[in-house]
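Participant: Input: one structure, supplied below.
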């Protein structure tokens, strides 16, 4: 599994790339692989207030629908409009072109509750045992 350095990860298999007070959010390579071919993304609404760990989006695949939870509290700045016509970008490029939305963080201290790449890789290994 691809687990890039410099991102924050959740136990629910979301990732966050933080740039100042802004973060890009998506699902991990592990999550997209488990779901299979992504067929639809229902992102949060622009301007929506999110709480860390709260429901924010739905990802549908040929296998199942899965809820996405926000890694941080804050407000949705924009959604990745490319996904409405090309949800498979989440499969092909989960950490780049397949991000789901961007948000402004309201509490950067929430980073402390998330995993780094090494911690997430170890977490995934534990799930396989």
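The values are calculated or read from the model by the stated rules, or taken from the named source; none is laboratory data. Computed from a predicted model, the values in this text were never measured in an experiment. Quick reminder, even Gly has a Cβ in these numbers, built from the backbone with ideal geometry, and neighbours come from all protein chains shown.
Participant: So which residues in region 36-77 are farther than 24 Å from residue 113 by Cα and part of a strand (DSSP E or B)?
Facilitator: Within region 36-77, 38, 39, 40, 41, 42, 60, 61, 65 qualify.
Participant: Scan region 118-129 and report the pairs whose first residue is more than 13 Å from residue 29 (Cβ to Cβ) and whose second residue is in a helix (DSSP H, G or I), with Cβ atoms within less than 9 Å and a gap of 6+ or a chain change.
Facilitator: Pairs that qualify, where the first residue is more than 13 Å from residue 29 (Cβ to Cβ) and the partner is in a helix (DSSP H, G or I), are 127/30.
Participant: Which is at pLDDT below 95, surrounded by fewer than 21 Cβ atoms within 10 Å (Cβ to Cβ) and within 23 Å of residue 4 (Cα to Cα), of 125, 88, 110, 82?
Facilitator: So the residue among 125, 88, 110, 82 that is at pLDDT below 95, surrounded by fewer than 21 Cβ atoms within 10 Å (Cβ to Cβ) and within 23 Å of residue 4 (Cα to Cα) is 125.
Participant: Go through region 1-33 and report how many residues are surrounded by fewer than 16 Cβ atoms within 10 Å (Cβ to Cβ) and not in a strand (DSSP E or B).
Facilitator: Here is the first cut: in region 1-33, the residues surrounded by fewer than 16 Cβ atoms within 10 Å (Cβ to Cβ) are 1-2, 4-6, 11-12, 19-22, 33.
Those still in the list that are not in a strand (DSSP E or B) too: 1-2, 4-6, 11-12, 20-21, 33.
So the count comes out to 10.
Participant: So, one more: Which ranges mark the helices (runs of 4 or more DSSP H) fully within region 82-129 that have 2 or more residues being out of contact with any strand residue (DSSP E or B) (no Cβ under 7 Å at 6 or more places or on another chain) and over 20 Å from residue 57 (Cβ atoms)?
Facilitator: Working: elements: 82-85, 89-92, 117-128.
Of the helices (runs of 4 or more DSSP H) lying wholly inside region 82-129, those with at least 2 residues that are out of contact with any strand residue (DSSP E or B) (no Cβ under 7 Å at 6 or more places or on another chain) and over 20 Å from residue 57 (Cβ atoms) span 117-128.
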